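The values are calculated or read from the model by the stated rules, or taken from the named source; none is laboratory data. Note that the structure is predicted; figures quoted are calculated from it, not measured. Glycine gets a Cβ as well: all are built from the backbone with ideal geometry, and neighbour counts include every protein chain shown.
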Amino acid sequence: RPVRILSRRYDLTATGYKFLEIGVNVGPPSYVEIVLGDHQGRELPMSLETWKGLYEQRSNIYKLLRNEHKDNFVAVGPITVTIYAHTDLTLVRLESPTVHVTMIESTLRRMFDLDGCIDVTFERLSRLVGTVDVKYTRFANVANAISESDVFDKRQLVDCELLALVFNAR
């Protein structure tokens, strides 16, 4: 899982099982990432362009749910949205080449209701990406200086653990 900082997680269900998260994926280069995920560890990353495409296609996705769409799927960038029935439930599946997340209609609607929050958060985080890259490079240089100094012993468990804890490196 990529390291995201300054992230905000929006629960899409009462239990928090499904969520929409937006944060700065630490690089370099760093970038703002939107992720649809669940507590089984599945994460479907999206660019702002893909998110906006999904949002703009929401009426077609809702038509899919009512069997009023000409196709049985909607494709937006790398994501395909399909609808299928499972026992008494109609499920919405958002799928990329590497991962899929499945939800019910109310969860999908809750996700789309967050569009304004995603816009505001994306804009604010985008302004911080350059700062994140500069500071990440500085912190990485400090971590390298410590690990290359005589004080650090890579054969000592405590040294390795502290370096990993403090700098999340090596």
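Can we say GLY116 is loosely packed, with under 11 Cβ neighbours inside 10 Å and under 22 Å from ARG8 (Cβ atoms)?
Values: loosely packed, with under 11 Cβ neighbours inside 10 Å: yes; under 22 Å from ARG8 (Cβ atoms): yes.
Yes; evaluated as a whole, the condition is true for this residue.
Mind checking which residues of segment 119-138 are part of a helix (DSSP H, G or I), surrounded by 15 or more Cβ atoms within 10 Å (Cβ to Cβ) and either of a type outside the set (D, E, K, R) or in contact with a Lys or Arg (Cβ under 6 Å, 6 or more places away or on another chain) (or both)?
THR121, PHE122, LEU125, VAL129, VAL132, TYR136, listed by residue number.
Within the set of pairs 6 or more residues apart or between chains, which connect a residue that is at negative phi and without any contact (Cβ under 8 Å) to a residue 60 or more places away in the chain inside segment 44-69 to a residue that is among the small types (Gly, Ala, Ser) and in a strand (DSSP E or B) with Cβ atoms less than 8 Å apart?
Final answer for the pair search is LEU44/GLY37.
Looking at segment 59-82, can you tell me whether even one residue there is polar (S, T, N, Q), surrounded by fewer than 16 Cβ atoms within 10 Å (Cβ to Cβ) and within 15 Å of the chain's Cα centre (by Cα)?
No, segment 59-82 contains no residue that is polar (S, T, N, Q), surrounded by fewer than 16 Cβ atoms within 10 Å (Cβ to Cβ) and within 15 Å of the chain's Cα centre (by Cα).
Report whether or not LEU91 is within 24 Å of LEU6 (Cα to Cα) and surrounded by 15 or more Cβ atoms within 10 Å (Cβ to Cβ).
Details: within 24 Å of LEU6 (Cα to Cα): no; surrounded by 15 or more Cβ atoms within 10 Å (Cβ to Cβ): yes.
Against the criterion (within 24 Å of LEU6 (Cα to Cα) and surrounded by 15 or more Cβ atoms within 10 Å (Cβ to Cβ)), LEU91 does not qualify.
On the basis of being in contact with a strand residue (DSSP E or B) (Cβ under 8 Å, 6 or more places away or on another chain), in contact (Cβ under 8 Å) with a residue 24 or more places away in the chain and at positive phi, does LEU6 make the cut? If you could, list the steps in order and put the result at the bottom.
Values: in contact with a strand residue (DSSP E or B) (Cβ under 8 Å, 6 or more places away or on another chain): yes; in contact (Cβ under 8 Å) with a residue 24 or more places away in the chain: yes; at positive phi: yes.
When the stated conditions are applied, LEU6 passes them.
Just checking, does segment 10-17 include any residue being touching a His at 6+ places or on another chain (Cβ under 9 Å) and hydroxyl-bearing (Ser, Thr, Tyr)?
First, pick out the residues of segment 10-17 that are touching a His at 6+ places or on another chain (Cβ under 9 Å): 15-17.
Now narrow it down to the ones that are hydroxyl-bearing (Ser, Thr, Tyr): 15, 17.
Yes, segment 10-17 contains a residue that is touching a His at 6+ places or on another chain (Cβ under 9 Å) and hydroxyl-bearing (Ser, Thr, Tyr).
Inspect all residues belonging to segment 62-78 and state whether any of them is over 21 Å from ARG127 (Cα atoms), among the hydroxyl-bearing types (Ser, Thr, Tyr) and outside any strand (DSSP E or B).
Here is the first cut: in segment 62-78, the ones over 21 Å from ARG127 (Cα atoms) are 62-78.
Okay, now just the ones that are also among the hydroxyl-bearing types (Ser, Thr, Tyr), so 62.
Now drop any that are not outside any strand (DSSP E or B), which leaves 62.
Checked against the condition, which is being over 21 Å from ARG127 (Cα atoms), among the hydroxyl-bearing types (Ser, Thr, Tyr) and outside any strand (DSSP E or B), segment 62-78 yields at least one hit.
Which residues, counting only those in segment 104-117, are outside any loop (DSSP other than H, G, I, E, B) and within 24 Å of LEU65 (Cα to Cα)? Talk me through it step by step, then tell me what you get.
Taking segment 104-117 and keeping what is outside any loop (DSSP other than H, G, I, E, B), we get 104-113, 115-117.
Those that are outside any loop (DSSP other than H, G, I, E, B) and within 24 Å of LEU65 (Cα to Cα): ILE104, GLU105, SER106, THR107, LEU108, ARG109, ARG110, MET111, PHE112, ASP113, ASP115, GLY116.
Quick one: would you say ARG170 is surrounded by fewer than 16 Cβ atoms within 10 Å (Cβ to Cβ), modelled with pLDDT of 90 or more and not aromatic (Phe, Trp, Tyr)? Please lay out each step first, then the result.
Values: surrounded by fewer than 16 Cβ atoms within 10 Å (Cβ to Cβ): yes; modelled with pLDDT of 90 or more: no; not aromatic (Phe, Trp, Tyr): yes.
For ARG170, the condition - surrounded by fewer than 16 Cβ atoms within 10 Å (Cβ to Cβ), modelled with pLDDT of 90 or more and not aromatic (Phe, Trp, Tyr) - is not met.
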